[in-house]
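This report refers to the structure that appears directly beneath it.
The numbers here are math on the coordinates, done by the rules we state, and not lab data. In this text, all values refer to a predicted model and were calculated from it rather than measured experimentally. Cβ atoms come from the backbone with ideal geometry, glycine included; neighbour counts cover every protein chain shown.
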């Protein structure tokens, strides 16, 4: 995607999210479904745990969520249910920390895709092919539900260099249809903000 088009999309996304899709306006639309929520996995220390500190089912072991990550993912999932935001398909990186995010959020069974993974490279993962795959996937909008995609910062910034700047642990970029067969960013929601939307 050309940089100019990305800039235009970023500007349009900023305008839409600033003017219309916050709080109740965002919730109203998401309750109808038809959006794709692409999030970075919840908080996870950069270090791989040793055998003593790894979770029992983290056999490899890989990076895993810390206490904050587990709590924030759980709170996000509860908020989505309390807010009556319908979640349909869940796509995830095959990494342990991404699947833990899905598990603690209780989003349902996730289908894993290598394209959403980190290629075993943690913060240095993400290829051009993965970026293109993700950009294509966010144009496939569901009907009546919302799709959740859990991935990693390098994949988000690779696919959406202008829109995903500074993406935090657990933060979500929410895409909607642009009316021309493409996707437009309609909001960015930090993981702790979901619970604050519950009245």
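Key figures
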| quantity | calculated |
| --- | --- |
| Residues 194, 133 arranged by fewest to most Cβ contacts within 10 Å | 133, 194 |
| Extension gain (nm, one decimal) between residue 55 and residue 165, 0.36 nm per residue minus Cα-Cα | 36.5 nm |
| Length-normalised contact order of the chain in % [C-alpha pairs under 8 Å, at least 6 apart] | 32 |
| GNM top mover of 74, 144, 179 - the chain, alpha-carbon springs below 10 Å | 179 |
| Choice from 119, 55, 146 showing the highest fluctuation, given a GNM over the chain with Cα pairs closer than 10 Å | 55 |
| Radius ratio Rg over Rh of the range 106-199, counting only Cα atoms, Kirkwood formula for Rh | 0.95 |
| Full-extension gain in nm, residue 199 to residue 141, via 0.36 nm per residue minus C-alpha separation | 18.1 nm |
| The chain - share of DSSP beta bridges that are antiparallel (%, nearest 5) | 50 |
| Relative contact order computed over the range 76-163 (Cα-Cα under 8 Å; 6+ residues apart), in percent | 36 |
| Alpha-carbon Debye profile of the chain, log10 I(q)/I(0) at 0.12 Å⁻¹ | -0.55 |
| Prolate/oblate/rounded label for the range 84-150 (Cα gyration tensor, a/c 1.5) | oblate |
| Gyration tensor (alpha-carbon) shape descriptor, the range 32-85, a/c threshold 1.5 | prolate |
| Neighbour-count ranking [beta-carbon atoms within 10 angstrom, fewest first] of 82, 57 | 57, 82 |
| Cα shape, the range 44-115, gyration tensor, a/c 1.5 rule | oblate |
| 101, 53 arranged by Cβ crowding within 10 Å, fewest neighbours leading | 53, 101 |
